[in-house]
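Please treat every number below as a calculation from the coordinates, not as lab data. No experiment lies behind these values; they were computed from the predicted model shown. Backbone-built Cβ (ideal geometry, glycine too); neighbour counts: all protein chains shown.
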Amino acid sequence: MKSPFYVTTPIYYINDVPHLGTAYTTIAADVLARYARLRGADTWFLTGTDEHGIKVQRVAEQKGTPPQEYADEVSAMFRATWPRLGCAPDDFIRTSEARHKAGVQDLWRKIRDRGDLFLGHYEGLYCVGCEAYYTEKDLKQPGNLCPIHGTAAETVKEESYFFRLSKYADRLLALYEKNPTFVQPTSRLNEVKSFVQAGLSDLSVSRTTFQWGIPVPDDAKHVMYVWFDALSNYLTAVQEPAERRRFWPASVHLVGKDILRFHAIYWPAFLMAAGYADDELPKQIFAHGFLTYGGQKMSKSLRNTISPADLAESLSPTVGVDAVRYCLMRAISFGQDGDFSIDDVLARYASELGNSLGNLLNRVQPFAKVVPSKGVTGPLEADLAAAHAEGAKAAAEAFDAYNPTRALDAIWTVCAAANVYVDKSAPWAAKKRGDDARLGTIVATLVEELEALSVMVAPVMPSVAAAMRAQLGLPAQAGVVGRDQWPFAAPTRSTGEALPGGAPIFPRFEKEKEQELRARFAPPPEAGAAPAAPEKAKTPPVAAPAAVAPAADAKPAVTYDDFAKLELKVGVVLSAERVKKKDKLLDLRVEIGEAEPRRIVAGIATSYAPEALVGKRVVVLANLPPREFGKGLVSQGMLLAAEDDAGIRLLTIDGESGPGAKVR
RNA sequence: GGGCCUAUAGCUCAAUCGGUCAGAGCCCCCGGCUCAUAACCGGGCUGUUCCUGGUUCGAACCCAGGUGGGCCUACCA
């Protein structure tokens, strides 16, 4: 019997909603789990939600609900999404559950008792009003102002527990050396290695500044910080009941490449520190790539428009989910970045699913209502059997290597061979000349091949597999531990069994429907042009903006002479373009009445589309020293603008004051 | 700017160790078939494998530099 197979997705942070990226990971995990079951492995598939932290606590407060209640709500939404995508996790863990809390605290104690957790101080920029740390990025510059309170964040030292990560660098490197497939794909392992080789610093793993988290054992004023809490889920989910412990260690943690570091470095280090031996560590971390949709990278705005579950349901209430799963697994080489689009879905639906697989099933139906007697086989049957054997083996090897893309490729090669077989064997000719024995052999052969295909397709397209089997008069198939059901050779059918047949599984779309789908799921026009995302505005800040608390924000008085030092001028924007790799910056040419227009780089791309700026009259601070942004990008001045939570608004001129007019 | 990844046919992507691998599917064209969802089968078409240099008997593959793209991070005068 195969050893147990335990596959996980990351637990998803409930600050976000399920989107294409999370769907991709979860579907991939589901595919691997279904495949493992088919092969007879004792299989466990885990997903869940990550629910603690300051962000969740704050959103809950703003809604006036207890964090647990808010978490219940969002977590339920995640849980409800997976069946809509054909995913059937065996367990769904939430970090706010008692079993998780107990498990994490247990892990904490083990590490503490072995001496790798120690009390120290965490230093960061802290807003008193929020009772929270921010990075400089989160704060408004200059001055590190809190976006909510408008007050300056202070550098504060806080008591914090630290994990002695630095101690594990050598053992981690040894692990990677000994087990080169620990991180997949291989190119990712190199990344991880070089990160570890560069040196690891100890990790702050607790906070005292918020309460929505898991209390540190014997020091309840501390709450565990994100990664310690979150990563542990893989372990805590298989602690109770005790028989579930057979699944540890995990066979593979599926993760996006953005969180690889945490899984490939922190997680094994935590486990090592808790006393786990190398063979008790997860066997593999598999980092998949990122998806773009229609060539565009995923963004907040896109997440809201492209819901894979909606796409699936619009496509077809019966097989839409399978079609989406198929396309995600087929079109995107697992482990690499890839693109997903409605055009691709429609093309593959028509060609690979409808014409190749679906139509094959229909080609058999007119010839028999029951499974005929198979009779003597010839070279054509041998060819098909050979193609089948090769394809089935290749597909299994690909699935074993967590490469569903290649597995599907191999399966479709078999499908093509079956179509060739129909052509060459020409059952219609046998029928015409009344050769029932030959016709029977051909139909029986095809029925058996179709059964094999229904099995091989099942991990990716479970409902299509079921529909195929129903038309072939076969019972639904289910995984049985210890029984390998992979069809290395096509199975045999008993003569006389019913072939119920049925309507095409992948009916062609009407032109109108296709157009409608294309329109509805077209990638949205270039994102980022919209002024101040309304999405953000719907979460009003707790306190009123800066004006209410002028004292906190006030600067020391200046003299008129100080003010007079500023050279402020009216400028007209001649051109504006985005700056590559710098999302927030726009590169502007502004005419301010000098010989040459000024080049000004302004951090306003989040609030202004470049096109909208051309011709605008703005106020320019003209006597600042040039500021270097790298790569020859030099700003010769700055634009005056007002800024609050709603975004950035440029100061402009009431009337026609020409370029160069002095502002005072 | 720092780190990492990536670039192959019009499109989406393959090519285990550098050596009959420059390939598949889609699109398009031609032919065949008629069981089937105007489906299927056969044939044809398109390549300076991003650029430049290097290593080698031999490079899509290795090395150096450059360019385009992506991700993380930084930037917000």
Using the alpha-carbon centroid of each, what span in Å lies between the stretch A:334-352 and the stretch A:4-82?
25 Å
Nearest 5 is fine: what % of DSSP beta bridges in the stretch A:161-316 come out antiparallel, could you say?
55 percent
Roughly what would the spin-label model give for A:Asp400 and A:Asp344, points 7 Å off Cα along C-beta, in nm?
2.8 nm
For A:Lys584 and A:Ser494, what does the FRET efficiency come to when R0 = 56 Å and r is the distance between their Cβ atoms, rounded to the nearest 0.05?
0.25
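Given R₀ = 22 Å, what would the calculated FRET efficiency be for A:Leu640 paired with A:Ala595, taking r from the Cβ atoms and rounding to 0.05?
Details: r = 23 Å, r/R0 = 1.04.
Result of the calculation: an efficiency of 0.45.
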For chain A, with only Lys/Arg (+1) and Asp/Glu (-1) charged at the beta-carbon, what is the dipole magnitude about the Cα centre, in debye rounded to 20?
800 debye
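Once the Cβ-Cβ distance between A:Gln197 and A:Glu159 is put in as r, and R0 is 30 Å, what FRET efficiency do you end up with, to the nearest 0.05?
Working: r = 31 Å, r/R0 = 1.04.
It comes to 0.45.
Using 0.36 nm per residue, how much length does the chain from A:Glu73 to A:Arg483 gain when fully extended, once their Cα-Cα distance is taken away?
Working: separation 410, 0.36 × 410 = 147.60 nm, distance 3.96 nm.
Once the chain is fully extended between A:Glu73 and A:Arg483, it gains 143.6 nm.
Using the Kirkwood radius over C-alpha pairs as Rh, can you work out the diffusion coefficient of the stretch A:351-419 via Stokes-Einstein at 25 °C, viscosity 0.890 mPa s, in µm² per second? Walk me through the intermediate numbers first.
On the way: Rh = 13.4 Å.
Here the translational diffusion coefficient equals 183 µm²/s.
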Rough spin-label spacing in nm, given labels placed 7 Å along Cα→Cβ, for A:Thr377 and A:Ala476
3.1 nm
What do you get for Rg/Rh of chain A when both radii come from the Cα atoms and Rh is the Kirkwood radius?
1.06
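Which length gain, in nm to one decimal place, applies between A:Gln365 and A:Phe262 when the Cα-Cα distance is subtracted from 0.36 nm times their residue separation? Don't jump to the answer; show the numbers that get you there.
Numbers: separation 103, 0.36 × 103 = 37.08 nm, distance 5.31 nm.
Stretched out fully, the A:Gln365 to A:Phe262 stretch lengthens by 31.8 nm.
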Under a point spin-label approximation (7 Å from Cα along Cα-to-Cβ), what is the A:Arg245-A:Lys424 distance to one decimal in nm?
5.7 nm
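May I ask you to compute the full-extension gain from A:Asp16 to A:Phe290, defined as 0.36 nm times their residue separation minus their alpha-carbon distance, rounded to one decimal in nm? Display every interim value, and only then the final one.
Working: separation 274, 0.36 × 274 = 98.64 nm, distance 1.68 nm.
Separation in residues times 0.36 nm, less the Cα-Cα distance, equals 97.0 nm.
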Tell me the relative contact order for chain A as a rounded percent, counting alpha carbon contacts under 8 Å between residues six or more apart.
13 percent
Reciprocal of mean inverse Cα separation for the stretch A:347-463 (Kirkwood radius, Å)
14.7 Å
